[in-house]
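The structure appears right after this line, and notes come after that.
The values are calculated or read from the model by the stated rules, or taken from the named source; none is laboratory data. Quantities reported herein were computed from a predicted structural model and do not represent experimental measurements. When we count neighbours, we look across all protein chains shown, and the Cβ atoms used for this are built from the backbone with ideal geometry, even at glycine.
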Amino acid sequence: MTRLRTALPGPRSLELASRRTSAVASGIGSTLHLYIESAEDGLLVDVDGNRLIDLGSGIAVTSVGNPAPAVAEAVHAQIDRFSHTCFMITPYEGYVEVCEALNELTPGDHEKRSALFNSGAEAVENAVKIARHATGRTAVVVFDHAYHGRTNLTMALTSKNMPYKQGFGPFAPEVHRVPMSYPYRDGGLTGAEAAARAIDLIEKQVGAANVACVLIEPIQGEGGFVVPAPGFLGAISAWCTATGALLVADEIQTGFCRTGSWFASDHEGVVPDLVTTAKGIAGGLPLAAVTGRADLMDSVHVGGLGGTYGGNPVACAAALGAIRTMRERDLSAAARRIEQTVLPRLKALAEKTDLIGDIRGRGAMLAIEFTEPTPEIASQVAKACHAAGVVVLTCGTYGNVIRLLPPLVIPDDLLAEGVDVLEQAILGVAG
């Protein structure tokens, strides 16, 4: 294949892998042992000159390109002015501009406020802090298959034990888990029926009056790209409104045009009380946020929110460049075009093999779940794609899902070639 100059990994990557062994903690894993030197839209170039089709976007981070010109220009301009002051000490306009943009873009036309942080896990932790402070309640409800981060609290919120939680307890208390709507695996329940099942458990086992917030990914990410049945999110939202619990939408992986709308909550007209964002917000730089109703966000005492690096000026500049790119290139429409291109091909592929149990997703957040609830098949398919120079990712509680997260700016020919490789890999494993 002309994109590949060496066997994978190549000699320079192997040399770096050897250095890594004696320098990097072994608890940090890597999907591919290829060391990247540069990138462009839809391609990663490793240190041996191999050009890899990127269907992962650094886990939905580089949606606007890698690097996106507007992001690179904004970062260069900002770093030449100043790199850090700490917004809690001497503030700056970029932080305010990002908050203004988030208040405008997130679901709902009510008055909002935002606070900036560094990572998705940090945003989720702060959303829980705000919910508890504003409601005076302590219980947090989360869902089966959820993933919310790797800090102590967000590990408690996360469903999957290995590798995220094993050996790291005890975890934060007052976290309660209920079943998610999972159309492929929950016996054909409608969205309303699945919501009623979850609500019944909340009311019986937690008590509505104790619930500070219900935290949900509108489309689950690491848990398997699970798209709840229509009506599920709306029913959960209505219950929160009726009981005084806050609905917190974790849009860290789904946000910023990824699902064909600015946010996945938009697809069902759900307006969360609080929204957490990160990943695609800043074109590859670390930035996260909590955005929500002004009365909730302003309920926290001065000094109760913050952090040394939260809303770093360079990251804020990157975010403004990324958001400008999303608007100018209409990347929500680009995500819908990716769905219209890829989803029919995956569904046609599913007709050719019994290995595939479900094809699902929205926009440029698509998944293949294999019938066997074990990781072996997905792992074999992923390895075959990697050997052919196509980056795909696995996920799911059972490890049996291939997820596709191409950059929203990926050229059509690269997308088609990447899906060709994926199809060949699946048919090859199917025999």
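Would you tally the residues in the range 79-107 being buried (at least 16 other Cβ atoms within 10 Å of the Cβ) and either more than 22 Å from D266 (Cα to Cα) or aliphatic (A, V, I, L, M) (or both)?
Looking only at the range 79-107, we keep the residues that are buried (at least 16 other Cβ atoms within 10 Å of the Cβ), and these are 86-87, 92, 94-95, 98-99, 101-103, 105-107.
With the extra rule that they be either more than 22 Å from D266 (Cα to Cα) or aliphatic (A, V, I, L, M) (or both), the set shrinks to 86-87, 92, 94-95, 98, 101-102, 105.
Adding up the residues that qualify gives 9.
Residues of the range 19-31 that are out of contact with any strand residue (DSSP E or B) (no Cβ under 7 Å at 6 or more places or on another chain) and surrounded by 10 or more Cβ atoms within 10 Å (Cβ to Cβ): R19, R20, V24, S30.
Conditions tested, residue by residue: (1) over 21 Å from T291 (Cβ atoms); (2) in the same structural domain as P272 (by TED's automatic domain parsing); (3) in contact with a Leu (Cβ under 9 Å, 6 or more places away or on another chain); (4) without any contact (Cβ under 8 Å) to a residue 60 or more places away in the chain.
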residue	(1), (2), (3), (4)
H76	yes, yes, no, yes
H84	yes, yes, no, no
F87	no, yes, yes, no
P91	no, yes, no, yes
E97	no, yes, yes, no
A101	no, yes, yes, no
L105	no, yes, no, no
H110	no, yes, no, no
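The set of residues in the range 190-206 being in contact with a helix residue (DSSP H, G or I) (Cβ under 7 Å, 6 or more places away or on another chain) and under 12 Å from P230 (Cβ atoms) consists of G191, A192, A194, A195. Does R197 fit the bill of being in a loop (DSSP other than H, G, I, E, B), among the basic types (K, R), farther than 20 Å from L274 by Cα and in the same structural domain as A249 (by TED's automatic domain parsing)? No, not satisfied. Within the set A378, A350, A384, A367, the sole residue that is under 17 Å from R185 (Cβ atoms), free of Cβ contacts under 8 Å to residues at least 60 places away in the same chain, in contact with a Gly (Cβ under 7 Å, 6 or more places away or on another chain) and in the same structural domain as A39 (by TED's automatic domain parsing) turns out to be A378.
Taken over the range 392-431, the criterion of being modelled with pLDDT under 95 and aliphatic (A, V, I, L, M) is satisfied by A430 alone. Residues of the range 107-157 that are of a type in the set (D, E) and assigned to a helix (DSSP H, G or I): E122, E125. When the range 396-431 is filtered for residues that are without any contact (Cβ under 8 Å) to a residue 40 or more places away in the chain, surrounded by 20 or more Cβ atoms within 10 Å (Cβ to Cβ) and more than 25 Å from T254 (Cα to Cα), nothing remains.
Looking at the structure I just gave you, is S114 of a type in the set (G, A, S) and under 16 Å from V275 (Cα atoms)? Taking the combined requirement at face value, the residue satisfies it. Scanning the range 82-106 for residues that are farther than 21 Å from I216 by Cβ, assigned to a helix (DSSP H, G or I) and touching a helix residue (DSSP H, G or I) at 6+ places or on another chain (Cβ under 8 Å) yields G94, Y95, E97, V98, A101.
From the list H76, H110, which one is at pLDDT 95 or above, surrounded by fewer than 20 Cβ atoms within 10 Å (Cβ to Cβ) and farther than 17 Å from C316 by Cβ?
Values: H76 fails: farther than 17 Å from C316 by Cβ.
That would be H110, the only listed residue that is at pLDDT 95 or above, surrounded by fewer than 20 Cβ atoms within 10 Å (Cβ to Cβ) and farther than 17 Å from C316 by Cβ.
How many of the residues in the range 168-189 are part of a loop (DSSP other than H, G, I, E, B), more than 12 Å from N152 (Cα to Cα) and of a type in the set (A, V, I, L, M)? Walk me through it before giving the result.
The initial filter retains those residues of the range 168-189 that are part of a loop (DSSP other than H, G, I, E, B), namely 168-174, 179-189.
Adding the requirement that they be more than 12 Å from N152 (Cα to Cα) leaves 174, 179-189.
If we keep only those that are of a type in the set (A, V, I, L, M) as well, we get 180, 189.
Of the residues in that region, 2 qualify.
Tell me, yes or no, whether the range 304-314 has at least one residue that is crowded, with 21+ Cβ neighbours inside 10 Å and more than 23 Å from H148 (Cβ to Cβ). Within the range 304-314, one or more residues are crowded, with 21+ Cβ neighbours inside 10 Å and more than 23 Å from H148 (Cβ to Cβ).
Any chance the range 38-61 includes a residue that's of a type in the set (S, T, N, Q), within 30 Å of G260 (Cβ to Cβ) and outside the structural domain of E222 (by TED's automatic domain parsing)? Walk me through how you get there before you give the answer.
Filtering the range 38-61 down to residues of a type in the set (S, T, N, Q) leaves 38, 50, 57.
Then keep just the ones that are within 30 Å of G260 (Cβ to Cβ); that gives 38, 57.
Next, only the ones that are outside the structural domain of E222 (by TED's automatic domain parsing) stay: 38, 57.
Checked against the condition, which is being of a type in the set (S, T, N, Q), within 30 Å of G260 (Cβ to Cβ) and outside the structural domain of E222 (by TED's automatic domain parsing), the range 38-61 yields at least one hit.
When E328, E268, E339 are checked against the criterion of being among the charged types (D, E, K, R) and within 30 Å of L427 (Cβ to Cβ), a single residue qualifies: E339. Flag: V342 does not match the condition of being of a type in the set (A, V, I, L, M, F, W, C), at pLDDT 95 or above, touching a His at 6+ places or on another chain (Cβ under 9 Å) and surrounded by 15 or more Cβ atoms within 10 Å (Cβ to Cβ).
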